[in-house]
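Participant: Have a look at the structure that comes next, please.
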Amino acid sequence: MSRSRRFLNERARGDGMKLIDERGKTSVLDHEISQLTKIRSNPHERMRHLLPGKGKEPVSSVKMLAAREGNYTGRGRFSSSDRCHLLSRYLPTNGPSVVDQMRSCAYVSQFSTDGSLFVAGFQESHIRIYNVDQGWKIQKDIRAKSLRWTITDTSLSPDQRFLVYSSISPIVHIVDVGSGMKQSVANVTEIHEGLEFSSPTYDYDNYTFGIFSVKFSTDGRELVVGSSDSSIYVYDLEAKRLSLRIPAHTSDVNAVCFADETGHLIYSGSDDSLCKVWDRRCFGTREQAAGVLIGHLEGITYVDTRGDGRYLISNGKDQAIKLWDIRKMSSNINYSPRPRSYDWDYRWMDYPEHVRNKRNPHDLSLSTYKGHSVLRTLIRCYFSPAHSTGQKFIYTGSSDSSVYIYDVVSRAQVAKLDYHQEPVRDCNWHPYYPTLVSSGWDGIIAKWEFSGTDTSPLPKKPLSRRWRQS
């Protein structure tokens, strides 16, 4: 065992954080992630000891700036943990200002990797790409092709040259973002190349195949897709063909993502209530999961990776986010959850009160976060940015029209953003600045920021609109 790993394990056992678990008992979060989070977001040890009032946290911004100018750490600059300690206290809770408003539900929100572009996908075949650096000016207005019901997902390539979008259809379309054409109407002003994810023998008009999740790999060479046929697909963009199909789950695969920059590991979440881990290096003649993450009582709506190949979070229809360490996954790949004993459909029914505090007896998750609502649609959740917060927070949309922010270690709800009048399906935090954008079924794209002042006048809420189902 390495010295750094041994140090983390000793620290985790020695000063774990007290929590109250779902059964009302005190538990200790002595897992490595609590220490990793602290290391990423605590000020430099030397700065804490030399500043007046040492040992008190958070260290004031003025004192940290004075320490930097006085070169207390011997570096003459902030470390990444100093920066995160400073920036993570300035949450994007002021506002919001309205970036855009459409007549149809907003389903997708996504910043580019460098934060210079923002993508919003709407129900009525519209996708808009905004140039953040130029005052949120619309850079590209896309009218989608072969739309069924809504845009289910979008993904920007790492080099920001291409965007892919999916719908309730077996085809993912790819758009050239870098072209000079502002209005991109599918196969009218620009070609939206179609990538086929089903056999050409299927009758498209009568086929119910749908794609719920699509993501680029870090190198931009592959796409991973989650579909309604319970499968995961990997598409090789250079070879222009499907390179892998995995019969992954027993129900719709609502969310997929690559675990890290290597592209070897894939995480998936399904309506069968399971998250699974897939290691492509270990695939032989039988394409089996490396392990199963058991804990949710209802279907998974989204998964997000921490980017380190170890940790991920999932949002579930059991009204909870769960934090996972894949090193604790079960090797029982044939595990089958018990069918529920009550009738419930999340699209139009409230979650039953008698199961709200029920716990899966085989729960393998590290921590559970509750308070938000996962109803009506596939609500998404994320880790906060590594650069500005050290991934100290988890945030999520909610069907009660709000955005919730939780502390990873303490599980406390640290902020709730109220403005929308209908469910917030997606939201995204700028990778570098304290800016968060929420997209609601009221068609509003709202921008939340830290204003730098003590006053944050809230704009008047829009009039309520008629509720839609998804």
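Participant: Is the range 341-352 home to any residue that is open to solvent by 90 Å² or more (accessible area, probe 1.4 Å), under 22 Å from Ser399 (Cα atoms) and among the hydrophobic types (A, V, I, L, M, F, W, C)?
Facilitator: Yes, the range 341-352 contains a residue that is open to solvent by 90 Å² or more (accessible area, probe 1.4 Å), under 22 Å from Ser399 (Cα atoms) and among the hydrophobic types (A, V, I, L, M, F, W, C).
Participant: Which residues, counting only those in the range 90-137, are in a loop (DSSP other than H, G, I, E, B), out of contact with any Cys (no Cβ under 9 Å at 6 or more places or on another chain) and open to solvent by 40 Å² or more (accessible area, probe 1.4 Å)?
Facilitator: Tyr90, Thr93, Arg103, Thr113, Asp114, Gly135
Participant: Somewhere in the range 448-464, is a residue open to solvent by less than 60 Å² (accessible area, probe 1.4 Å), farther than 23 Å from Leu87 by Cα and modelled with pLDDT of 95 or more?
Facilitator: No, the conditions are met nowhere in the range 448-464.
Participant: Here's something else I'd like to know. Any idea which of Val175, Val185 is at pLDDT below 90 and part of a strand (DSSP E or B)? Talk me through it step by step, then tell me what you get.
Facilitator: On the way: Val175 fails: at pLDDT below 90.
Sole residue among the options that is at pLDDT below 90 and part of a strand (DSSP E or B): Val185.
Participant: Just wondering, is there one or more residues in the range 369-390 that are part of a loop (DSSP other than H, G, I, E, B), in contact (Cβ under 8 Å) with a residue 12 or more places away in the chain, touching a Cys at 6+ places or on another chain (Cβ under 7 Å) and not aromatic (Phe, Trp, Tyr)?
Facilitator: Taking every residue of the range 369-390 in turn, at least one turns out to be part of a loop (DSSP other than H, G, I, E, B), in contact (Cβ under 8 Å) with a residue 12 or more places away in the chain, touching a Cys at 6+ places or on another chain (Cβ under 7 Å) and not aromatic (Phe, Trp, Tyr).
Participant: Given Ser399, Ser330, Ser373, Ser384, which one is of a type outside the set (Val, Ile, Thr), surrounded by 13 or more Cβ atoms within 10 Å (Cβ to Cβ) and touching a Phe, Trp or Tyr at 6+ places or on another chain (Cβ under 6 Å)?
Facilitator: Ser384
Okay, residues lined up against (1) open to solvent by 10 Å² or more (accessible area, probe 1.4 Å); (2) of a type outside the set (Ser, Thr, Tyr); (3) modelled with pLDDT under 95:
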position	(1), (2), (3)
Gly226	no, yes, no
Asp271	yes, yes, no
Arg281	yes, yes, yes
His296	no, yes, no
Tyr311	no, no, no
Asn315	no, yes, no
Ile326	yes, yes, no
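Participant: Moving on. If you take the residues in the range 216-262 that are more than 28 Å from Ile294 (Cβ to Cβ) and aromatic (Phe, Trp, Tyr), which one is farthest from the chain's Cα centre (by Cα)?
Facilitator: Tyr235
Participant: If we scan the range 229-241, do we find a residue that is part of a strand (DSSP E or B), over 16 Å from Ile333 (Cβ atoms) and in contact (Cβ under 8 Å) with a residue 60 or more places away in the chain?
Facilitator: Within the range 229-241 (the criterion being part of a strand (DSSP E or B), over 16 Å from Ile333 (Cβ atoms) and in contact (Cβ under 8 Å) with a residue 60 or more places away in the chain), the answer is yes, since at least one residue qualifies.
Participant: Moving to a separate point now. Return the residues of the range 62-83 that are surrounded by 13 or more Cβ atoms within 10 Å (Cβ to Cβ), in a helix (DSSP H, G or I) and either touching a Phe, Trp or Tyr at 6+ places or on another chain (Cβ under 9 Å) or modelled with pLDDT under 75 (or both); say none if nothing qualifies.
Facilitator: Matches in the range 62-83: Lys63, Met64, Ala66, Ala67, Arg68.
Participant: Continuing with this model, one more query. Does His420 satisfy the criteria of being in a loop (DSSP other than H, G, I, E, B), free of Cβ contacts under 8 Å to residues at least 60 places away in the same chain and farther than 20 Å from Gln123 by Cβ?
Facilitator: Here the answer is no, as His420 does not meet what is asked.
Participant: Something else now. Just to verify a result, which residue in the range 409-439, among those that are more than 16 Å from His387 (Cβ to Cβ) and out of contact with any Gly (no Cβ under 9 Å at 6 or more places or on another chain), is surrounded by the most Cβ atoms within 10 Å (Cβ to Cβ)? Walk me through it before giving the result.
Facilitator: Taking the range 409-439 first, the residues more than 16 Å from His387 (Cβ to Cβ) are 409-427, 437-439.
With the extra rule that they be out of contact with any Gly (no Cβ under 9 Å at 6 or more places or on another chain), the set shrinks to 409-412, 414-415, 418, 437.
Values: Val409: 22, Ser410: 14, Arg411: 20, Ala412: 12, Val414: 16, Ala415: 17, Asp418: 13, Val437: 26.
The selected residue is Val437.
Participant: Right, next: All but one of (1) free of Cβ contacts under 8 Å to residues at least 12 places away in the same chain; (2) touching a Phe, Trp or Tyr at 6+ places or on another chain (Cβ under 8 Å) hold for Lys317, so report the exception by its number.
Facilitator: Among (1) free of Cβ contacts under 8 Å to residues at least 12 places away in the same chain; (2) touching a Phe, Trp or Tyr at 6+ places or on another chain (Cβ under 8 Å), the lone unmet condition for Lys317 is (1).
Participant: Something else: Considering Gly194, Gly180, which residue is closer than 30 Å to Lys137 by Cα, in a strand (DSSP E or B) and open to solvent by 20 Å² or more (accessible area, probe 1.4 Å)?
Facilitator: That would be Gly194, the only listed residue that is closer than 30 Å to Lys137 by Cα, in a strand (DSSP E or B) and open to solvent by 20 Å² or more (accessible area, probe 1.4 Å).
Participant: Here's something else I'd like to know. Is it the case that Thr150 is of a type outside the set (A, V, I, L, M, F, W, C) and either open to solvent by 40 Å² or more (accessible area, probe 1.4 Å) or in a strand (DSSP E or B) (or both)? Even if it seems obvious, please write down each step before you answer.
Facilitator: Details: of a type outside the set (A, V, I, L, M, F, W, C): yes; either open to solvent by 40 Å² or more (accessible area, probe 1.4 Å) or in a strand (DSSP E or B) (or both): no.
No.
Participant: Right, something else. What pairs come out if I take residues in the range 124-142 that are small (Gly, Ala, Ser) and pair them with residues that are open to solvent by 30 Å² or more (accessible area, probe 1.4 Å) whose C-beta lies under 7 Å away, six or more apart or interchain?
Facilitator: Ser125/Arg143; Ser125/Leu147
Participant: Might you let me know whether the range 308-329 holds any residue that is farther than 30 Å from Pro385 by Cβ and of a type in the set (Ser, Thr, Tyr)?
Facilitator: no
Participant: Being of a type in the set (Ser, Thr, Tyr), touching a residue at least 40 places away in the same chain (Cβ under 8 Å) and open to solvent by less than 10 Å² (accessible area, probe 1.4 Å) is the requirement here; does Ser251 meet it?
Facilitator: No: the conditions fail for Ser251.
The values are calculated or read from the model by the stated rules, or taken from the named source; none is laboratory data. Note that this is a predicted model, so its numbers are computed, not measured. Neighbour counts run over all protein chains shown; Cβ positions are idealised from the backbone, glycine included. Keep in mind that these areas ignore ligands, DNA and RNA; they rest on the heavy atoms of the full protein, side chains included. Shrake-Rupley method; radii C 1.70, N 1.55, O 1.52, S 1.80 Å.
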